[in-house]
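The values are calculated or read from the model by the stated rules, or taken from the named source; none is laboratory data. The structure displayed is predicted, hence computed values, not measured ones. Here the Cβ positions follow ideal geometry from the backbone for every residue, glycine too, while neighbour counts run over all protein chains shown. Only protein heavy atoms, including side chains, enter the accessible area calculation; ligands, DNA and RNA are left aside. Shrake-Rupley method; radii C 1.70, N 1.55, O 1.52, S 1.80 Å.
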Protein chains: 2
Amino acid sequence: MRATIREVAREAGVSPSTVSRALSTPEMVNATTRERVLRAAQRLGYAPNRAARGLITGRTGNIGLIVPDLANPFFPSVVKGVQARAREADYAVFLADTDEDPTAEVGLIRVLGKQVDGLILCSPRAREEEIRDLCESTTLVMVNRRFGSVPSVVFDNVDGMRQAVAHLQALGHERVAWVGGPRTSWSSRDRVRGLRTATAAAGMELVVAGHFPPHFEGGVAAADLIIASGVTSVIAYNDLMALGLLGRLRDRGVRVPQDMSVIGIDDIQMSAMSAPALTTVSLGKAQAGRAAVDLLISLLEQPEGVRNARRELPTQLLVRASTGVARTN
Amino acid sequence: MRATIREVAREAGVSPSTVSRALSTPEMVNATTRERVLRAAQRLGYAPNRAARGLITGRTGNIGLIVPDLANPFFPSVVKGVQARAREADYAVFLADTDEDPTAEVGLIRVLGKQVDGLILCSPRAREEEIRDLCESTTLVMVNRRFGSVPSVVFDNVDGMRQAVAHLQALGHERVAWVGGPRTSWSSRDRVRGLRTATAAAGMELVVAGHFPPHFEGGVAAADLIIASGVTSVIAYNDLMALGLLGRLRDRGVRVPQDMSVIGIDDIQMSAMSAPALTTVSLGKAQAGRAAVDLLISLLEQPEGVRNARRELPTQLLVRASTGVARTN
DNA sequence: CATGCCCTTGCAAACGGTTTCAGACTGACG
DNA sequence: CGTCAGTCTGAAACCGTTTGCAAGGGCATG
């Protein structure tokens, strides 16, 4: 059995309240008794029971993190960031994976929401009104999605798309295709929006190839459409899909980058290791996780006092081998 | 504010104790009052406060999961399995990532161990005596490691290596290299042991190339040693390293599988998508996660009554394009 | 010397459940 | 009709903390 605060109190010859104060509000107790208490606690290996503390303070010291699919390498990176920062702040992290199912997502938010102080929703797929509704009962922070005044951390997709388009234009491309992600993905919509702006400004033609599952297979499925569309360059919703494109293009005998330039988004580990290595719009994934924790904690500590509950993180084009000078036929 | 048991009691016109019983031991309360209580609870959207319940029952309803590195695709798969099964059993999962640091690992086990009913250690890197020590104070289950009587879920590495070696032998290979993982990895040691047995039985020569970090780069680093060793086939500690091998072999102009056959272990998503697709020893990763949860829960529910606290999961060789008939010079 | 203030500490009441124990009621039986 | 067993319910104690309140002591001030 673990030591309780009473045993520490007895060991130190003080009352339980003094022990409690010595540990949580040290400035309220005399230096010498504090010392004595700390030493006793040390001796007994005492650590406060978080459930008991939570019962009275109403805070659990836990935060929840919900992601659509851990198998997509984007998410583990975010999770690592969340997890590391939460630990620094002495919060523990509940993790849940929805398998890309919006209904499961809402259910999970509901049940997990009761066990935590706040929730981080990474790339949530639920409908806006549902999230708005959930917002009432739980403090939550979204990553990779933005609407209304819901606190959020997003990437500057517009600028990322601008960089990608500028890169392609510099290589002489005039037509670029977009391979979209899930219909329910806010960032897919945001990216195609940025892309429209950027291509229009650059005087390039944009071919939107529709929505595909955000996996390798999605990219494979899109590849033939892309080839048929006659573009010389393509930007995919994420790296996994871009790698799928790469694979199918090779099978079809389309050379990358000579015949087709390919750009991904996310900068997952694998994209540096493919052949050719993938040019990609790099996102600070762990950074986003950390930012979300910081935002959530500040929200928890001064519920009303947070001036700006939206954070936008920069993106950076990483030029590798999958983009090259446009084919001139 | 959330409804408490007292409000439900008032709403239903009974005492709090009756509400408690109606929810947790329904057979102890009269059918009609039970019905009334349940309806009142429903109306108020009542859900018991887990901290309060935990305070008296001494159980939190949480389990902890500690993995070395979420960025390694092996682990997210296990996490998904753990997570899904835990949710079915109404447990929530704390996740922590140690960044492959054994010291951090021990620290995490200590702190997380106090907030959960039990802990799942996936591929733990800590020293045996430390784990044995931790065992005293926390009920824990190891995945991918086995020693003493610590409850564990492991893969049948010996049989996996047997299958791989049989496959290579059938293809006419006589010399095979092993690219090992971290020195602290039990499964690396277990696999090389199985490999020794299998190659000896098959009359093949085994070249052990030492220890490498379990990443893509580790495989890259090992590749030149492998080429120099003159073997015609190589088995890597995991798929990530095998993919690294593949990449470096291509750069060096060594054709796979004509000049060199390559086998990985794990069957991560990416290994089906590489060119050539990777032959690999497939492991039921999510299954291992589920098994670990089942084992942990049965341990929690009948602390002494578990006859066999060790589970061994089968492995299956997946033949793809990276293995072929041995080069005959 | 009496008064008042500050600093430090202890007492006791919460927090929201579960569980032990005893009491009320019912029906059966002698 | 009295007794007894059995079923169901309520009162109260308890789990391990935090915290509002009050009391005690020391010290400066009038």
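Number of residues in segment A:83-109 that are within 10 Å of another protein chain (Cβ to nearest Cβ) and either on the phi > 0 side of the Ramachandran plot or touching a residue at least 60 places away in the same chain (Cβ under 8 Å) (or both) equals 5. Can you tell me which residue in segment B:1-23 is farthest from DNA strand C (Cβ to nearest atom), limited to those that are surrounded by fewer than 18 Cβ atoms within 10 Å (Cβ to Cβ) and farther than 13 Å from residue B:46 by Cβ? Ranking the qualifying residues of segment B:1-23, first place goes to B:13.
Going by the structure shown, is residue B:41 touching a residue at least 24 places away in the same chain (Cβ under 8 Å), in contact with a helix residue (DSSP H, G or I) (Cβ under 6 Å, 6 or more places away or on another chain) and not assigned by TED's automatic domain parsing to the domain that holds residue B:138? Taking the combined requirement at face value, the residue satisfies it.
Residues that are of a type in the set (A, V, I, L, M) and farther than 25 Å from residue B:113 by Cα do occur in segment A:65-84. Applying the selection to segment A:24-34, what residues are surrounded by fewer than 16 Cβ atoms within 10 Å (Cβ to Cβ) and more than 15 Å from residue A:53 (Cα to Cα)? Hits for segment A:24-34 are A:26, A:27, A:28, A:30, A:31, A:32.
Checking each residue of segment B:51-66 against the condition of being at pLDDT 95 or above and under 24 Å from residue B:240 (Cα atoms) gives at least one match.
What do you reckon, is residue A:94 of a type in the set (Phe, Trp, Tyr) and either touching an Asp or Glu at 6+ places or on another chain (Cβ under 6 Å) or open to solvent by 30 Å² or more (accessible area, probe 1.4 Å) (or both)?
It is false that residue A:94 is of a type in the set (Phe, Trp, Tyr) and either touching an Asp or Glu at 6+ places or on another chain (Cβ under 6 Å) or open to solvent by 30 Å² or more (accessible area, probe 1.4 Å) (or both).
If we keep just the residues of segment B:311-329 that are open to solvent by 80 Å² or more (accessible area, probe 1.4 Å) and out of contact with any Phe, Trp or Tyr (no Cβ under 9 Å at 6 or more places or on another chain), which is nearest to residue B:191 (Cα to Cα)? This residue is B:316. Can you name the residue in segment A:274-298 that is open to solvent by 20 Å² or more (accessible area, probe 1.4 Å) and of a type in the set (Ser, Thr, Tyr) and, of all such residues, is modelled with the highest pLDDT? Taking the candidates together, the pick is A:282.
Just one of the listed residues (A:271, A:261) is open to solvent by less than 10 Å² (accessible area, probe 1.4 Å), without any contact (Cβ under 8 Å) to a residue 60 or more places away in the chain and closer than 29 Å to residue B:217 by Cβ, namely A:271.
Filtered by the rule that a residue be closer than 12 Å to residue A:152 by Cβ and open to solvent by 80 Å² or more (accessible area, probe 1.4 Å), segment A:299-310 gives A:308, A:310. If the condition is being open to solvent by 10 Å² or more (accessible area, probe 1.4 Å) and not in a helix (DSSP H, G or I), then segment A:172-194 contributes A:172, A:174, A:175, A:182, A:183, A:184.
So, in segment A:46-57, of the ones that are more than 12 Å from DNA strand C (Cβ to nearest atom) and open to solvent by less than 50 Å² (accessible area, probe 1.4 Å), which residue ends up farthest from residue B:92 (Cα to Cα)? Lay out the reasoning, then the answer.
Within segment A:46-57, the subset more than 12 Å from DNA strand C (Cβ to nearest atom) is A:46-48, A:50.
From what's left, open to solvent by less than 50 Å² (accessible area, probe 1.4 Å): A:46-48.
Values: A:46: 25, A:47: 22, A:48: 21 Å.
This residue is A:46.
When you scan segment B:105-112, do you find a residue that is modelled with pLDDT under 95, within 16 Å of DNA strand D (Cβ to nearest atom) and not polar (S, T, N, Q), even just one? Yes, that holds for at least one residue. Which residue is nearest to the other protein chains (Cβ to nearest Cβ), if the candidates are limited to segment B:14-67 and must be among the basic types (Lys, Arg) and more than 8 Å from DNA strand D (Cβ to nearest atom)? For segment B:14-67, the residue satisfying everything is B:50.
Sort through B:286, B:291, B:242 and tell me the only one that's touching a residue at least 60 places away in the same chain (Cβ under 8 Å), away from every other protein chain (no Cβ under 14 Å), within 21 Å of the chain's Cα centre (by Cα) and assigned to a helix (DSSP H, G or I). If you could, list the steps in order and put the result at the bottom.
Working: B:286 fails: away from every other protein chain (no Cβ under 14 Å); B:242 fails: away from every other protein chain (no Cβ under 14 Å).
Answer to the check: B:291.
Confirm whether residue B:264 is under 15 Å from residue B:73 (Cβ atoms), at pLDDT 95 or above, out of contact with any Cys (no Cβ under 9 Å at 6 or more places or on another chain) and part of a helix (DSSP H, G or I). For residue B:264, the condition - under 15 Å from residue B:73 (Cβ atoms), at pLDDT 95 or above, out of contact with any Cys (no Cβ under 9 Å at 6 or more places or on another chain) and part of a helix (DSSP H, G or I) - is not met.
Residues in segment B:58-73: is at least one within 11 Å of DNA strand C (Cβ to nearest atom) and open to solvent by 20 Å² or more (accessible area, probe 1.4 Å)? The answer is yes; a qualifying residue exists.
On the stretch given as segment B:110-132, residues that are within 13 Å of chain A (Cβ to nearest Cβ) and either within 23 Å of residue A:54 (Cα to Cα) or among the acidic types (Asp, Glu) (or both) total 9. In segment A:199-217, the condition of being closer than 15 Å to residue A:234 by Cα, surrounded by fewer than 22 Cβ atoms within 10 Å (Cβ to Cβ) and within 22 Å of the chain's Cα centre (by Cα) is met by at least one residue.
For residue A:14, state whether it is more than 29 Å from residue A:240 (Cβ to Cβ) and either in a helix (DSSP H, G or I) or over 16 Å from the mean Cα position of the chain (by Cα) (or both). Before the answer, list the steps.
Values: more than 29 Å from residue A:240 (Cβ to Cβ): yes; either in a helix (DSSP H, G or I) or over 16 Å from the mean Cα position of the chain (by Cα) (or both): yes.
When the stated conditions are applied, residue A:14 passes them.
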